[in-house]
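The structure under discussion appears below in the form of structure tokens.
Read-outs: derived from the displayed coordinates by stated rules, not from any lab. These numbers were taken from a predicted model, which means no experiment stands behind them. Using ideal geometry, Cβ is built from the backbone for each residue, glycine included, and neighbour counts are taken over all protein chains shown.
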Amino acid sequence: MPSPGQRTNDFSPAEMAELLGVFIDETGDQCDQLVQALLALEQDPAQADQIAIAFRMVHSIKGSAGMLGFDPITAVAHQLESHFERLRSGAVGVDRRTIEVALACVDYFRGCNERLAQAAPLEHGESLIEAVKGLAAAAPIPAPPAESAPAGPQATLGEERQRLVRIRLAAGLGLPDAKAQLLLKRLSGLGVVVRSDPTPAEFAAHPDRRVLDVVLRSGSTPAAILSAADADGVESVELDPTEPAQSATPPQPGETAGATSVAASLAAPEPAAVAETMRVAVDRLDVLLDLAGELVVNRARFAQLVADLAPVFRKPAARTPEWEAHQRRYGELVESVDQLTRVVENLQRGVLGTRMVPIGPLFGRFRRSVRDIAYELGKEVVLEVVGEQTEIDKRMVDELGDPLVHLVRNAIDHGIESAEVRAAAGKPVIATLRLEASHRGNEVVIAVADDGGGIDPEKIRGRAVARGLVPAERAAALQPRELIELIWEPGFSTADAVSNISGRGVGMDIVRTRITGLSGSIEVESTLGAGTTFRIRLPLTLAISRCMLVRLADTPFAIPVEHVREIVTVAPGQVLSVAGRRVCDIRGEFLPLMDLGRVFAWSGGPPPDEPQAAVLVIRAGGRVAAIGVPALLGTRDLVIKPLDDNFRRVRGLGGAGVLGDGEVCLLIDAAAMIDMAVRTSAGEEPR
């Protein structure tokens, strides 16, 4: 039975499930584009091209919802589409009320998507419909002087005219009627579909037919039309063909062989090559990545076996035919392992590549958030986005939304001053908030920066003592950098009053926890009066990590190489006690020092005072520490698995992997390790 708000349609449950997934994905994209157009219109209401884009997005949402029987969505979209038609014609103008109501409609569409994904009934939008109808009462915009009459939306997009789009479907394509409906929906986003031959219902009656002719009235470019008609299962697309269609099956009595071209005078252009794409569930990619990870482990196992066998085939005291035969076979084994290594590495890169997506859409979501928060707080803020094409693991994109929301809200609320304060300080009244992403080595670096007032260390000192986060005597001895680090403490806040934006003392500790859970780190840099930058560092992928291996007693440990600043050998005279803290002198830089064996109280390790084989200088979250290790084992690619699912959480450990010989290797949490190093060097308990 259909849920409330959804009328019956002719699709089977399996077909409906497939179409629903496409509807939610495409409507989400269309909402994003609609928001971008609305925000652009808020800045410049005279942008006819943005009005046309908004109209097409709403028209597409309406058509898709109508096809699937989502009447509440169709009703709201129909009213909004009618108003944008009035805006296109110049009958009314764009004002703040128009933007507010249209954004509320976008929120409604997104809310409907969430309810559809959860199989929940749709909510009717009568209040929104009435609000959109109220926009029609807006005063008409004055007619411009005849000599300076601006070009309408169609001038930007091209003259609207009818085009014939001929689509040839691949042989043996399943559900051709559903595919035809989806193609018609995509084309309707560019204009008005006048007719199609055959109709989707006729496709269902004759599934062997492969040619779909669509008469489209649109002002879009040929490239845009060809792109919209190209989809998975489409063999070719022609625009305004001069030859009649050759159907895969003879037309039945009363049917036509194909629609007559309405633009026969236009020479048919060569269709541009469009990359074929298909939607794949992320869970399936996760399975492939897990399998690739298992191959990485097994390849390492083969490499280890080859290394173990090498001494057997060194030059013997006497060469025998039997030994030479074995040596040849061993050489073939070495060659096979080398080939396996190349294949596994290529497969690993390929699978990882399928999960990488541009970070631009994630950043784009914040244009609306920045606008709403700034408006609510009475501030003027412009958002700058840099590095939209930087690619990041899809799973990380899903997890980064909430931490970035916290950082953006805090930047506007706490960091950016009011217009009056900025003007008095000689700063631009309009503040700038920048989201930036870039690749640096094996890391993705994301920065959230503002040009606001910065973080006041003295204010933090007072609040930390008042809230009981640190004793007064310890707070008095803290340096500005150490004071700023207190913002990560649970319950800390510098807000003078609680609002619906921030000020409850929750958020920043959650941000660090979420980033650490992604095997990343976050650091903050702030200059009083000039602004603050939060910098997030993340590995390229969550599953496979390049690590430095060390050994403690009989157990190997690993730390991601992006957290290893350097490896040094330390003489006993370089280990000092400064103000009761155990530190290590690294070229004049005094770093808190602790031994790995003391961190985990590992049995069988060297005594705490025994010189270590090496010292790892590690960094995370803007802090640096030195960790003494008994032995170094080199670097390896590890498939990292979480420990929390099966074991209690151990502070300082972030997961585990399996080495080539089957030995379990524990992954060190660099941020937690540095925190313990600081506490231990000060004489506190490491946990």
ask   = Could you give the distance between the Cα centres of the stretch 277-323 and the stretch 535-567, to the whole Å?
value = 22 Å
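Subtract the Cα-Cα distance of A224 and A425 from 0.36 nm times their separation in residues, and report this length gain in nm to one decimal.
On the way: separation 201, 0.36 × 201 = 72.36 nm, distance 4.88 nm.
Once the chain is fully extended between A224 and A425, it gains 67.5 nm.
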ask   = Which lysines have a Cα less than 25 Å from the Cα of K179, not counting those fewer than 8 places away in the same chain?
value = K62
query = How many nm separate the modelled label positions at D308 and R342, each set 7 Å beyond the Cα in the direction of the Cβ?
reply = 2.7 nm
ask   = So if R0 is 35 Å, what FRET efficiency would E235 and A281 give, r being the distance between their Cβ atoms, rounded to the nearest 0.05?
value = 0.90
key: Euclidean distance of C-alpha centroids, the stretch 193-235 and the stretch 624-679, integer Å   = 55 Å
query = By the gyration tensor of its Cα atoms, with a ≥ b ≥ c the square roots of the eigenvalues, what is the shape of the stretch 158-239: rounded for a/c under 1.5, prolate for a/b over b/c, or oblate?
reply = prolate
Under 12 Å from K459, Cα to Cα: aspartates and glutamates that are on another chain or at least 8 residues apart = D496
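Given R₀ = 41 Å, what would the calculated FRET efficiency be for H439 paired with E126, taking r from the Cβ atoms and rounding to 0.05?
Numbers: r = 49 Å, r/R0 = 1.19.
Plugging the Cβ-Cβ distance into 1/(1 + (r/R0)^6) gives 0.25.
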key: From phi via Karplus (6.51, -1.76, 1.60), per-residue ³J(HN,Hα) for the stretch 384-397 in Hz, x at Gly/Pro   = 10, 10, 10, x, 4, 7, 4, 9, 8, 4, 4, 4, 5, 4
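What FRET efficiency comes out for the pair T527/R217, r = Cβ-Cβ distance, R0 = 51 Å, nearest 0.05? Don't jump to the answer; show the numbers that get you there.
Values: r = 57 Å, r/R0 = 1.12.
According to the calculation, E is roughly 0.35.
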ask   = Put a dot 7 Å past each Cα toward the Cβ at R474 and E324; how far apart are the dots in nm?
value = 7.4 nm
ask   = Which of T354, T516 comes first, and how do the rest follow, when ranked by fewest Cβ neighbours within 10 Å?
value = T354, T516
